[in-house]
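Undergrad: Got a structure for you, questions after.
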Amino acid sequence: MAERRNKFEIICDILALIQRQGKIKPTHILYKGNLSYDRMKSYITELESKGMIQEIKEKDKSFYIITEKGARLVEEAKKIKELREAFGL
């Protein structure tokens, strides 16, 4: 059975997902991030308040894009993951 993701892993997954897509609708974050609506909304709110993502509106639709700060976190998280794997943690 797979281990549950912790908060940091979920945040990194959301940011990496947004980074790969360029811009993404909230429902796609919900499904591709494998999150409930309430959990997704709380993570989105937190990431917006910390300046890691930004909401943009196009023709009455909301999209999210990653900011430079969010992209830096994704890169640092990749380094941490590589170190954990290198040391078997």
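Undergrad: Can you compute the helix-only [θ] at 222 nm over the chain? Use -39500 (n - 2.57) per DSSP H run of at least 4 residues, normalise by all residues, nearest 500 deg cm²/dmol.
TA: -19500 deg cm²/dmol
Undergrad: In whole Å and largest first, what semi-axes does the C-alpha gyration tensor of the range 7-86 yield when each eigenvalue is scaled by 5 and square-rooted?
TA: After diagonalising the Cα gyration tensor, the semi-axes are 22, 14, 11 Å.
Undergrad: Tell me, in nm to one decimal, what length is gained between T27 and I80 on full extension, where the rule is 0.36 nm per residue of separation less the Cα-Cα distance?
TA: Fully extending the segment from T27 to I80 adds 16.2 nm.
Undergrad: Moving to a separate point now. Which of N34, N6, I66 sits closest to the plus end of the dipole of the chain, meaning its Cα is farthest towards the positive end, when Lys and Arg get +1 and Asp and Glu get -1 on the C-beta?
TA: Comparing the listed Cα positions along the dipole, N34 ranks first.
Undergrad: For the Cα atoms of the chain, what angle does the longest principal axis make with the long axis of helix 7-21, in degrees from 0 to 90, nearest 10?
TA: With both axes taken from Cα atoms, the answer is about 60 degrees.
Undergrad: Treat every Asp and Glu Cβ in the chain as -1 and every Lys and Arg Cβ as +1, leave all other atoms uncharged, and give the resulting dipole magnitude about the Cα centre to the nearest 20 debye.
TA: 140 debye
Undergrad: So what is the relative contact order for the chain, in percent, with contacts set as C-alpha pairs under 8 Å and at least six apart?
TA: 30 percent
Every number in this text was worked out from the coordinates using simple rules, so none of it is lab data. Quick caveat, the model's predicted, so the values are computed rather than measured. All Cβ positions, even for glycine, are placed from backbone atoms using ideal geometry, and neighbour counts span all protein chains on display.
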